[in-house]
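What follows is a single structure, written as structure tokens, with notes after it.
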Amino acid sequence: MSVPRRPTDPSGLERYYVLTKGRSGPGGSASSLDVATLIVSRAAPAPGMQHEHAEIIRRCREPLSVAELGAHLHLPFNILAVLLADLLEAGRVEARDPIPAHDAGRGPDLALLEEVLSGLERL
Amino acid sequence: MDLKGFDQPGSAAAGETRSVKVMIAGGFGTGKTTMVRSVSDIKPLTTEETLTQASADVDRLIGVADKTETTVSLDFGKISINDSLVLYLFGTPGQERFWFLWNGLFKGALGAVVLVDTRRLASSFRAIEEMERQNVPFVVALNVFPDSKDYPVEEIRDALDISPHIPVVACDARDRTSSRDVLVALIRHLKERSAVVLESR
């Protein structure tokens, strides 16, 4: 009899496959997620919810960036994006994209730059 | 919506908080992670992107049949600007050949700092080219290492072949105030650019 193989998957691919139910990328509103997008919970975790979903909701009671969530949950961006897409669709979290310095419609946002500047000068 | 036993929405600030992002670019070993670390309010973190599909494309290009998985890392930190605004700083991946895989890495960024080691100017050429190609506004920060020679800024500007309106500042990436001053120089530069755009309307 051969020695039983260890059930670990060093690449983490199996775990990701299970977490995402085999989906490789997010659809809908989550496809525009940025590493600096803030995620904010809009509802409590539901009973019987997938552990990772509940964990995201718990951590995002205060706004947290996608990058921070990824670091805390040890999940790569694309896997996390699939999980966030589920929560966004269910209305359990809200996503706020980073504010760009230049809005296509309004032009440069001088007030925003002024706000950032005074914040930095207070450091 | 079930909010029972859930303390959210809590503070008024949490309800309105938004983010902005700034990229820290530059060649390998120019001090990107050091700068993120010195100026961040939080202990800097790393987030990872697993690139399976994209690396498959690369593999095809070089004639390798097997699909491989590549992980690129982004070091990042954050600065609280005020109660409702957070600045995220992202150090670009050390392996520059993966930059193009970072879909939208620079999209939505206010701008970028390109760090330059004056002892190895060429290591940051690629980063500068990339900012110009992606039309990302940037400042150049000369990270002064203990054994760096004192170069006149104009000489370095010539060597890097950057246009005269782009600010070049010296800094010590290990120092919080010095790194903060680089970010201040970037935001001032962005304001000046914006003012020019607004005046020309």
Quiz item: Out of region A:28-123, which trypsin sites (Lys or Arg not before Pro) are coil in DSSP terms and have no more than 15 other C-beta atoms within 10 Å?
Solution: A:Arg106, A:Arg122
Self-check item: Burial order of peptide ranges B:107-117, B:151-161, A:43-53 (average beta-carbon count within 10 Å, highest first)
Solution: B:107-117, A:43-53, B:151-161
Self-check item: B:Lys43-A:Glu94 FRET efficiency (beta carbon distance; Förster radius 22 Å; 0.05 resolution)
Solution: 0.25
Practice problem: Could you tell me which chymotrypsin sites (Phe, Trp or Tyr not before Pro) in region B:93-201 are loop residues by DSSP with no more than 11 other beta carbons within 10 angstrom of their beta carbon? | Solution: none
Quiz prompt | Simple spin-label estimate for B:Asp175 and A:Gln50 in nanometres, 7 Å along Cα-Cβ | solution = 4.9 nm
Quiz item: Tell me, in nm to one decimal, what length is gained between A:Ala111 and A:Arg59 on full extension, where the rule is 0.36 nm per residue of separation less the Cα-Cα distance?
Solution: 15.7 nm
Exercise. Mind scanning B:Lys21/B:Lys149; B:Lys32/B:Lys78; B:Lys78/B:Lys191; A:Lys21/B:Lys43; B:Lys21/B:Lys191; B:Lys43/B:Lys149 and naming the pairs with a C-alpha gap bigger than 25 Å?
Key: B:Lys21/B:Lys149; A:Lys21/B:Lys43; B:Lys43/B:Lys149
Quiz item: By how many nm would the segment from B:Phe125 to B:Ser148 grow when fully extended, if each residue of separation counts as 0.36 nm and the alpha-carbon distance is taken off?
Solution: 6.5 nm
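FYI, it's all coordinate maths here, none of it is from the lab. This structure is a prediction, so every number in the text was calculated from the model and none was measured. Positions of Cβ are generated from backbone atoms using ideal geometry, with glycine treated the same way; all protein chains shown enter the neighbour counts.
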